1. Applying the selection to segment 80-99, what residues are among the aromatic types (Phe, Trp, Tyr) and either assigned to a helix (DSSP H, G or I) or within 24 Å of residue 59 (Cα to Cα) (or both)?
2. Which pairs do you get when a residue that is among the acidic types (Asp, Glu), found in segment 152-168, comes within reach of a residue that is in a loop (DSSP other than H, G, I, E, B), reach meaning Cβ atoms under 6 angstrom, with the pair 6+ apart or on two chains?
3. Condition check: over 25 Å from residue 59 (Cβ atoms), part of a strand (DSSP E or B), among the aromatic types (Phe, Trp, Tyr) and touching a residue at least 12 places away in the same chain (Cβ under 8 Å). Does residue 102 satisfy that?
4. Please verify whether residue 117 is more than 18 Å from residue 53 (Cβ to Cβ), under 18 Å from the mean Cα position of the chain (by Cα) and either surrounded by 15 or more Cβ atoms within 10 Å (Cβ to Cβ) or of a type in the set (A, V, I, L, M) (or both), treating the condition exactly as stated.
5. Residues in segment 141-178 that are over 21 Å from residue 123 (Cα atoms), open to solvent by less than 40 Å² (accessible area, probe 1.4 Å), assigned to a strand (DSSP E or B) and out of contact with any Pro (no Cβ under 8 Å at 6 or more places or on another chain): how many?
6. Could you check, for segment 90-108, whether at least one of its residues is closer than 30 Å to residue 165 by Cα and acidic (Asp, Glu)?
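The values are calculated or read from the model by the stated rules, or taken from the named source; none is laboratory data. Treat the numbers as computed from the prediction; the structure is a model and nothing was measured. For neighbour counting, all protein chains shown are included, and Cβ atoms are generated from backbone atoms with ideal geometry for every residue, glycine included. Side chains included, ligands, DNA and RNA excluded: accessible areas come from the protein's heavy atoms. Shrake-Rupley method; radii C 1.70, N 1.55, O 1.52, S 1.80 Å.
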Amino acid sequence: MKLEGKTRIYERGFKLAKWIIQGYNPDIVIGNNKMVAILFDMNQLWEEYILIQLQKSSRRFNARIQGQDTKRFWGGRSLRPDIHIQSSRMENFIIDTKWKKYSGNPSTSDLRQMFTYNKFWNVKKSFLLYPTASIDQPKRDVKPFHTPQENLSCGILEVNVIAENQLNQQIGEQIFASIIE
């Protein structure tokens, strides 16, 4: 069907109807069902949820949590990690949230992005943070970047979004505990 003029306003509704007919449905639980986040930008929602949960837990760790910290890097372009953690009691960190199932191997472009964040924010360690519903405690895997005379690394952190059939209220504390190991 071709939508023109007055019918163009129905385009989004037709797309949603098509997804529903094809069996896609909005869901926050990881499973074998096809899923489309129809109502929300899940990347943005995940990032904001983690930011707020870390801010709630930051006092205990004497940390300053900043979302979308921006630095210019080339011409009019800038870099903007999702979360920058600064503290006088521990190392500083960069966290980039990813609303996708971790496949066991991060993409090269994600790793390049994290390496650049490490350099521009002068942090030794950065983390790619993925949601999961299959583990109770956060899963952490840190590997060094192969850089001469620099001790830079990127970690993969998987955290459970759901605890006791509701949103995980301890997720901020769990992330802090995992990154300062």
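1. Going residue by residue through segment 80-99, those that are among the aromatic types (Phe, Trp, Tyr) are 93, 99.
Within segment 80-99, just 93 meets the criteria.
2. Here the result reads 158/102, each pair linking segment 152-168 to a residue that is in a loop (DSSP other than H, G, I, E, B).
3. Working: over 25 Å from residue 59 (Cβ atoms): yes; part of a strand (DSSP E or B): no; among the aromatic types (Phe, Trp, Tyr): yes; touching a residue at least 12 places away in the same chain (Cβ under 8 Å): yes.
Answer is no for this residue.
4. Details: more than 18 Å from residue 53 (Cβ to Cβ): yes; under 18 Å from the mean Cα position of the chain (by Cα): yes; either surrounded by 15 or more Cβ atoms within 10 Å (Cβ to Cβ) or of a type in the set (A, V, I, L, M) (or both): yes.
Considered against the rule, which asks whether it is more than 18 Å from residue 53 (Cβ to Cβ), under 18 Å from the mean Cα position of the chain (by Cα) and either surrounded by 15 or more Cβ atoms within 10 Å (Cβ to Cβ) or of a type in the set (A, V, I, L, M) (or both), residue 117 comes out as yes.
5. 1
6. yes
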